[in-house]
2 protein chains.
Amino acid sequence: MSSAGNALFGLLHAYKRVLRERYMAAGIILPLSHLRVLGEIGRHEGVMAREIAAALLQDKGLITRVTRELEREGLIERHPHPTDSRAAHLALSANGRALRERIKTIEKACDAQMVAALSTDQADAFIDTVNAMTEQLDREQETP
Amino acid sequence: MSSAGNALFGLLHAYKRVLRERYMAAGIILPLSHLRVLGEIGRHEGVMAREIAAALLQDKGLITRVTRELEREGLIERHPHPTDSRAAHLALSANGRALRERIKTIEKACDAQMVAALSTDQADAFIDTVNAMTEQLDREQETP
DNA sequence: AGCATATGGTTGATATTGTCAACCATCTAG
DNA sequence: CTAGATGGTTGACAATATCAACCATATGCT
């Protein structure tokens, strides 16, 4: 087989496909980016848009648009920041929380399928490895 | 930290960014998809478009467009298939081969950076793991 | 207080990537 | 020789990503 990079492309591609299929089967039609943002808000209720952008490594402009749609769908709520009137805290609405639960289940199933061929040790090691690699790649950034 | 899926998103995102930065620094302006196709043709000179689509898990329509541009750029050549007049064999031109060498170097450097924090054993195991996972995800396909 | 600068967020423009379906020409099997 | 499969092309479009300009507010400095 080819390089680590190519292998990664393949894996994420397959993963996204499976995710999308399962969401569709469950009648969830939002694009993955929206679901990822929703998940991030669920994991850290009250986050600011800036933090989501940082956590998901995405452009803040993208977050603006995605959160706007999620709000329009009635899935999240925007609460004013107590001391900084520019910022807002984002939180799930009741509907958002319900959807998030369904998403979590599906995501867990996908992850389970992905690591099905691995031992528990391998699976745990894998996540650590992935995170270590990501850090390593981000490191370069700081030394231009 | 979050799920395996999220970790993967982050890793590939970081990897793509580093790749793009290095290509840009080297004055290579083609999008990643084109470079990936170029690489695939380089690895298997004489492939058919169909095979590239399968190897990269991409839509055949995408391959059509990408190869057309690569041909227009004078990076690849299209040779008629001896027995099937619908198909064509794709191969690198002299320019394409030169570019491919530069790409290979850059890709290797990125891969090296990515696995820099890992032991050799870990790095090898990682690729195997990734491939195993990809297979596992693709397997589901056949049992709807 | 008054200023420069940084920051959270928004917007517009645009490039890249991925998906789906219809379609043509050819090939292959029966 | 016909029916269906296959390689490839095309069109339309959705999704994802990037960049830069911009507004309003906040913060640090003097």
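A:Val18 passes every criterion in (1) touching a residue at least 12 places away in the same chain (Cβ under 8 Å); (2) out of contact with any Gly (no Cβ under 9 Å at 6 or more places or on another chain); (3) closer than 22 Å to A:Asp59 by Cβ apart from (3).
Looking across the range A:52-85, the residues that are within 14 Å of chain B (Cβ to nearest Cβ) and more than 9 Å from DNA strand D (Cβ to nearest atom) come down to A:Ile52, A:Ala53, A:Ala54, A:Ala55.
Based on what the data block shows, is B:Ala94 modelled with pLDDT under 95 and more than 15 Å from A:Ala7 (Cβ to Cβ)?
The answer is no for B:Ala94.
The single condition among (1) part of a helix (DSSP H, G or I); (2) over 19 Å from A:Phe9 (Cα atoms) that B:Asp84 does not satisfy is (1). If you go through the range A:21-72 and keep only what is closer than 25 Å to B:Asp59 by Cβ, hydroxyl-bearing (Ser, Thr, Tyr) and free of Cβ contacts under 8 Å to residues at least 40 places away in the same chain, you end up with just A:Ser33. Of all residues in the range A:23-34, those that are within 11 Å of chain B (Cβ to nearest Cβ) and either closer than 14 Å to A:Leu90 by Cβ or near DNA strand D (Cβ under 10 Å from one of its atoms) (or both) total 2.
All of (1) among the small types (Gly, Ala, Ser); (2) at positive phi; (3) surrounded by 18 or more Cβ atoms within 10 Å (Cβ to Cβ) hold for B:Gly27 with one exception: (3). Only residues that are away from chain B (no Cβ under 14 Å) and either of a type in the set (Asp, Glu) or within 13 Å of DNA strand D (Cβ to nearest atom) (or both): list them for the range A:35-50, please. Hits for the range A:35-50 are A:Glu45, A:Met48, A:Ala49, A:Arg50. When A:Val115 is tested against (1) within 8 Å of chain B (Cβ to nearest Cβ); (2) farther than 27 Å from A:Arg22 by Cα; (3) not polar (S, T, N, Q), only condition (2) is not met. Cβ-Cβ distances below 6 Å connect the following pairs, each with a first residue in the range A:106-130 that is under 18 Å from B:Leu12 (Cβ atoms), a second residue that is among the β-branched types (Val, Ile, Thr), and a separation of six or more residues or different chains: A:Cys110/A:Val18; A:Phe126/B:Thr129. Would you check which residues across the range A:34-81 are acidic (Asp, Glu), over 28 Å from B:Arg17 (Cα atoms) and in a helix (DSSP H, G or I) and list them? Once the filter is applied, which keeps residues that are acidic (Asp, Glu), over 28 Å from B:Arg17 (Cα atoms) and in a helix (DSSP H, G or I), the range A:34-81 yields only A:Glu71.
The values are calculated or read from the model by the stated rules, or taken from the named source; none is laboratory data. All values reported here derive from a predicted model rather than from experimental measurement. Because the Cβ atoms are built from the backbone with ideal geometry, glycine has one as well, and the counts that use them run over all protein chains shown.
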